[in-house]
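Reading through the structure tokens given below for one structure.
The values are calculated or read from the model by the stated rules, or taken from the named source; none is laboratory data. Bear in mind the structure is a predicted one, so any value in this text is a computation, not a measurement. We place every Cβ from the backbone using ideal geometry, glycine too, and count neighbours over all the protein chains shown. The area values use the complete protein model at the heavy-atom level, side chains included, leaving out ligands, DNA and RNA. Shrake-Rupley method; radii C 1.70, N 1.55, O 1.52, S 1.80 Å.
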Amino acid sequence: MSEKPSVLFVCVHNAGRSQMAAGWLRHLAGDTVEVRSAGSAPADQINPVAVEAMREVGIDLTDQTPVRLTWDAAEASNVIVTMGCGDACPVFPGKRYEDWRLTDPAGQPLDVVRQVRDEIRTRVAALLADL
């Protein structure tokens, strides 16, 4: 059995914040952390502005697709980071939770999404150091 920590990032649409956070953690941690992301009401595609903002820092999200949050994904994760999903994010006993209050990049211009991207990077780096 693996001792590798696992992190699940959850937002409503799994199209912006959670995907950027998962991209950052994969980039910063390599294969030392199992990374998941999901949404309580997933969108059809990832926000193209979020994809562009991440591309600017060398992280490609084009192969990612929004997925629905499942009990199994949450149960298999050590840390669950929520981002604006409110009551739609279920609570799983015995899990470490963090709630990151971040601007929703949906409908935002690239300069705002860049700020969200950079804030997420800072938080992901701190989370990784704490794992």
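Net charge dipole, the stretch 37-81: roughly 100 debye, given to the nearest 20, about the Cα centre with Cβ charges of +1 for Lys and Arg and -1 for Asp and Glu. Each residue of the stretch 57-72 was assigned a 3J(HN,Hα) from its phi angle through the Karplus curve 6.51 cos²θ - 1.76 cosθ + 1.60 (θ = phi - 60°); the sequence is 9, x, 10, 9, 9, 5, 8, 9, 9, x, 10, 7, 5, 10, 4, 4 Hz, with glycine and proline shown as x. For the chain, the longest principal axis of the alpha carbon atoms and the long axis of helix 110-130 meet at an angle near 20°. On the basis of the beta-carbon distance and an R0 of 25 Å, V57 and F92 show a calculated FRET efficiency of 0.20. Protein heavy-atom accessible surface, 1.4 Å probe, per residue over the chain: 51 Å².
What separates the Cα centres of the stretch 30-82 and the stretch 100-131 is a distance of 13 Å.
If you take the square roots of the eigenvalues of the alpha-carbon gyration tensor of the stretch 19-63 and sort them as a ≥ b ≥ c, do you get rounded (a/c under 1.5), prolate (a/b over b/c) or oblate? The shape class here is oblate. Quick one: net charge of E75's neighbours, Cβ under 14 Å, K/R +1, D/E -1? Summing Lys and Arg as +1 and Asp and Glu as -1 gives +1.
Taking springs between alpha-carbon atoms closer than 10 angstrom, which of R96, R117, R68 fluctuates most in the Gaussian network model of the chain? Between R96, R117, R68, it is R96 that shows the largest mean-square fluctuation. For A41 and E3, a Förster radius of 30 Å and the Cβ-Cβ distance give a FRET efficiency of 0.35, rounded to the nearest 0.05. Each residue of the stretch 19-36 was assigned a 3J(HN,Hα) from its phi angle through the Karplus expression (A = 6.51, B = -1.76, C = 1.60, θ = phi - 60°), giving 5, 5, 4, 5, x, 4, 5, 4, 5, 7, 9, x, 9, 7, 9, 7, 10, 10 Hz with x at Gly and Pro. Measuring nothing but protein heavy atoms, the accessible surface of the chain at 1.4 Å probe radius is 49 percent carbon and sulfur. Which FRET efficiency, nearest 0.05, do A106 and W71 yield, Cβ-Cβ r, R0 25 Å? Taking R0 as 25 Å, the efficiency between A106 and W71 is 0.45.
When the Cα gyration tensor is reduced to axis lengths a ≥ b ≥ c, the ratio a/c is 1.5 or higher for the stretch 1-89, and with a/b not above b/c it is classed as oblate. Amide H to amide H distances under 5 Å link S6 with E34, N78, V79, where only residues 5 or more positions off or on other chains count and H is placed in the peptide plane. Adding -39500 (n - 2.57) for every DSSP H run of four residues or longer, then dividing by how many residues the chain holds, sets the calculated 222 nm ellipticity at -11000 deg cm²/dmol.
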